[in-house]
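One structure below.
Computed from the coordinates by the stated procedures, all read-outs in this text should not be read as laboratory data. Computed from a prediction, not measured in an experiment: that's the story for all the values here. Don't worry about glycine lacking a Cβ; one is built from the backbone with ideal geometry, like all the others, and counts go over all protein chains shown.
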Amino acid sequence: MEKRFENKVVVITGGAHGIGLATAQAFRREGAAVCIIDTQPGDWFVGDISDQKTLEQFAAGVISAHGHVDVLINNAPPPMRGIESCSYEQFEKALNIGVTAPFYLTKLFLPCFSKGASVINISSSRDRMSQPQTESYTAAKGGIAALTHALAVSLSGRVRVNSISPGWIDTTGTEYTGPDAIQQPAGRVGKPEDIAELILFLASDQAGFITGENICVDGGMTRLMIYHGDHGWQYQPDGPANPQ
């Protein structure tokens, strides 16, 4: 049976774990050559994407080895720190990882993107909702969501650019029940494969008329309105709402 991404070259940042790993496995299953950059030691390019020279070295290696890129997935997560503890340098690094690196990798690969190429940015449902003390992560995820539609317009007719905003995606294999599950209309916590399968679709020819979009994949969590007393949740003035 023909594989959907035979002879395609896919680049994934943060591809050693979680959503990135599930996505790498899915593309390999479909015949693609997958190039990963991650800070974890392993059989891939090991490096910090907040560093300009590292990005340039990684991109040069991909181009030298393959000559073209069909799919770029900007997945590496920025650190999450809040206004009370986050320094200037830490906030700057979060933006470098979450916004600057996706922009610069797209720029570096622009001359060698194949016809019909796709850039897929991983944002977060935190681009539209927040918890306390999450400013560095939330700002970066909001930034990449906005960067997505800007790039889609600038690269019109050359490269499609979309973003995905995952909600709660468990990467530990834990099976959640009770309030953790039912606070999401889908009735469960998400899995990395839920995001990987959407990435495959967005990268495919079947999604050829989709660009500049942000798709929230959160089991409906951001659509469920919860008031005090709903679904077993009670408001606690000294802390977050918790199930009883």
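Observations on the structure shown:
- Verdict on I199 being buried (at least 20 other Cβ atoms within 10 Å of the Cβ), in contact with a Phe, Trp or Tyr (Cβ under 9 Å, 6 or more places away or on another chain) and assigned to a helix (DSSP H, G or I): yes
- Of all residues in the stretch 3-23, those satisfying the criterion of being surrounded by fewer than 23 Cβ atoms within 10 Å (Cβ to Cβ), more than 16 Å from A117 (Cβ to Cβ) and touching a strand residue (DSSP E or B) at 6+ places or on another chain (Cβ under 8 Å) are A16, H17, G18.
- Hey, L147 over 21 Å from H17 (Cα atoms), under 15 Å from the mean Cα position of the chain (by Cα) and crowded, with 16+ Cβ neighbours inside 10 Å or not: yes
- Filtered residue count, the stretch 202-225, keeping only those that are surrounded by 16 or more Cβ atoms within 10 Å (Cβ to Cβ) and acidic (D, E): 1
- The conditions of being within 22 Å of R28 (Cβ to Cβ), part of a loop (DSSP other than H, G, I, E, B) and either without any contact (Cβ under 8 Å) to a residue 12 or more places away in the chain or of a type in the set (K, R) (or both) are not met by G157.
- Residues within the stretch 20-57 that are without any contact (Cβ under 8 Å) to a residue 40 or more places away in the chain and aromatic (F, W, Y), tallied: 2
- So G173, is it of a type in the set (G, A, S) and either exposed (fewer than 15 other Cβ atoms within 10 Å of the Cβ) or outside any helix (DSSP H, G or I) (or both): yes
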